[in-house]
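The values are calculated or read from the model by the stated rules, or taken from the named source; none is laboratory data. Owing to the predicted nature of the structure, the values given are computational and were not obtained by experimental measurement. Heads up: the accessible areas ignore ligands, DNA and RNA and are worked out on the full protein's heavy atoms, side chains in. Shrake-Rupley method; radii C 1.70, N 1.55, O 1.52, S 1.80 Å.
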Amino acid sequence: MHMSNRATGRAMKRAVVVTLVLLLSVSGAWAGAAKPAKKSWFKRAFERPTWDEVAAQCVTPQDVCRLVERYVVYRTEDVDTWYSAKETWAAGRGDCEDFAVVIEQLCHDLGFDVSVALYFPAGGRGEGHAVAVGTWQGQLWMSSLGSYEKVDSMDEVRERVARMMECDDEEVWSSRLNHEDVQRFVARSTVGGAGTAVAGW
């Protein structure tokens, strides 16, 4: 029995459609298994990254500062406590040394040169301040509460911090903490007990 040309054409079209549907479903399943689900543009633009995700979004220290400034809100503390970078990131808030610790930790993890600089007015006549300080591609930079500023020297950092503290830079003394020092402060091993450091920061 011979099929008409029209019937043969319809049968061939059906076969082609069925084949395409099978190929698309197989390739779709394979692609779905091979690639993780992408976040929507809304989530990428507005959802707060987790601690494990944030470093992957940074290429420079400026990127680190930008994200910290965006996602961490400044809050004062009656009695100063040094929190870990993860704790501060999870809380989404902190005071000056909490900002500095988060930036120091992220920069350290990414292999950038960074330290935490502490500044105090002489004679304890006011509150101290903590900033992150580092070098990127030969340029010194500082970060106060998530800002990113290029500076020419540590003397300039001192002058800027003194202005923030509303005192003369000659009346300010300072100390710099490397990564191990910062971790000791965070671990409460070198501070005034019960997880406290200098009150009034």
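Of note:
- Computed accessible area, S84, all protein chains, 1.4 angstrom probe, square angstrom: 30
- Region 107-113 - phi-based ³J(HN,Hα) in whole Hz, Karplus 6.51/-1.76/1.60, Gly and Pro as x: 5, 4, 4, 8, x, 8, 6
- When the surface is traced with a 1.4 Å probe over the full set of protein chains, W173 keeps roughly 130 Å² accessible.
- Area of T135 that stays accessible when all protein chains are in place (1.4 Å probe, Å², to 10): 50
- Kirkwood-type hydrodynamic radius, region 118-160: 11.2 Å, calculated from all non-identical alpha-carbon pairs.
- Each part reduced to its alpha carbon centroid, region 57-109 and region 112-186 end up 15 Å apart.
- Equivalent ellipsoid of region 38-136: semi-axes from √(5λ) of the C-alpha gyration tensor, largest first, are 27, 16, 10 Å.
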